[in-house]
Each structure stands twice: as structure tokens, then as C-alpha cells.
Amino acid sequence: MTNLTGRIQQEEAAERLPAARALWRQSSTRVSVTNPVRTVLAGMAAGAERCMYCGDNQGTDIDHHEPMARDPLRTFDWLNHLLACSHCNSHHKRERFPVDEYGRPLLIDPSAEDPFDHLLLSLSVGEYRALTEKGRASIDVFGLNRPILARGRQQAFNVVVMCLRQWPDAVSGKSAYQPDQVVHIIREQPCADVCQAMLRQVELPGASVVFKDVPEIVAVLRDEGLRGALLR
Ligand SMILES: [Zn+2]
């Protein structure tokens, strides 16, 4: 990837983007870069290789977080690669990369920042609320509140609650499930952001209100063993 970046750098500024695109598409790049990078990203993605933007569909595409058109020299920058589903990549993110008045990126980079610093997930409706300007732009560009995702997150909440109800008996040996099986089922669910939001919101002052319909899972979400396994 360093060598390919060097080849792009050798070009005149106006020729860098076409050169980057040509190098990215050539078949030898697929063997030496694209396929191995996609494999590593898939191993890092939540659940069953889920998209790093929506968390719901299978991640199939390598997305350039900062688009090639904006900085061709980041085409082969490992830190600029994320795994995205084709829907997020082609219909939402595309070449969009908003910046503020000082030129600083307005999209959350999930490889470098905690999205929950910028976004609050409303667990009851499955939609995100922006906490910052970056959160607002990210909801818009990634289409985070499209109705099908909100529905998926509500479903994920119900599944996680069912799993968490098993936890006390799993720990004490009274359940058919071992604790690591409960953790595994939760970790393999789509919309992993829902469980992560639950683990964070249970620590906040309003936890009793957030979990008022399922008060029995509050103590479970605060269990150190469970938190250690799910917040890894
Ligand atoms: Zn997606």
C-alpha cells in the first residue's frame, strides 16, 4: 500500500485522482490489497461481518472514509478503509464528506472516535439523536435514521433483553446456557450498536427511566462480568 501511494504521489496533482482510481481497480490490486484488507476489516466488524455504518447488512465493500476524490493520496491508507454494505456505500455515503468552516471533517470516523460521544440512541424508537454537529452530519450522510434501521434496532433491543434475562441463571448454572454462550449470541446479533448503547445508558443518571419497562435487566447490564465480555 505504501508503494502504491508512492506511485500516486509521483503524478502531477491533476493526474493523481485518475491514477488512484486506475490503481484501485486493477486486478493485481485486488489480489495484493483489496481482498486482504476486506478480510481483516471483516474480522474487526461487529457481529457477522456487519457494515460499519448501519450495523445491519453484511459489509461487502471497502469504503474510503475520506473519498478518493478529496484526497487521492489516502486511497491506500489503511486508516481510511472501512467495511460498508453496498446500500450505505452507494446510496448514502457515496462521495459525501462534509467539513466545517475550518475544513475539519464533520463525519464521525468510527475507527478513531467513539460514536456515542456524538450520538444518543433512543432505545424506545431505535433512532439516533445528535449530540454534536458531527452527530448531525453523520445521521444525515449515513442515513442512520432510515425506518428499516430503526425497526431493526427495536428488534435487536428485544433480543438483547431476552438474552440478558438468561444471564443470572447462566452464571449460577441454572440455565441451559453458559455465560459465554449468552455473550456469543448477543455479540453475533446485527445492530450491535443497540447493546453498546444499553451498556452506556445504564451508567447514566436517567437509567431507571430508560429501562422502566424492563427493570430486571438494569442489574445485569451493570454486572462486571457481562460488561467485561461485551465492552471488549
Ligand atoms: Zn450499511
Practice task
Provide the descending list of Cα extents for region 147-230 along its principal axes, expressed in whole angstroms.
Solution key: 39, 28, 21
Handout entry: Ranked packing of 75-88, 199-212, 216-229, most packed first, by mean Cβ within 10 Å
Key = 75-88, 216-229, 199-212
Problem - Area projected by the alpha carbon convex hull of the chain, averaged over all directions, nm² - result: 14.3
Exercise for the section: Treat the count of other C-beta atoms within 10 Å as a stand-in for reagent exposure and order Met44, Met198, Met52, Met1 from fewest to most. Expected result: Met44, Met1, Met52, Met198
Completion exercise
By Cβ neighbour count within 10 Å, fewest first, Trp24, Trp167 rank Trp24, Trp167
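For a quick check: sort Tyr128, Tyr102 by the number of other beta carbons within 10 angstrom, fewest at the front.
Going from sparsest to densest Cβ surroundings: Tyr102, Tyr128.
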Fill in the blank from the handout: Filtered hits (lysines, Cα-Cα < 17 Å from Lys93, offset >= 8 within chain) -> Lys134
Practice task
Any chance you could tell me what percent of the C-alpha pair distances in region 49-154 go past 20 Å?
Solution key: 37
Fill in the blank from the handout: Tilt, helix 192-201 to longest principal axis of the chain (alpha-carbon atoms), in degrees rounded to tens, equals 60
Practice task
Compute the separation of the alpha-carbon centres of region 142-210 and region 97-123 and state it in Å as a whole number.
Solution key: 24
Problem - Descending Cα extents along the principal axes, region 1-97, whole Å - result: 41, 27, 20
Completion exercise
Simple spin-label estimate for Ala42/Ile185, 7 Å along Cα→Cβ, in nm, reads 2.6
Fill in the blank from the handout: Helix 133-142: inclination vs the chain longest Cα principal axis, degrees, rounded to 10, gives 80
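No value in this document is a laboratory result; all are computed from the given coordinates. No experiment lies behind these values; they were computed from the predicted model shown. Using ideal geometry, Cβ is built from the backbone for each residue, glycine included, and neighbour counts are taken over all protein chains shown.
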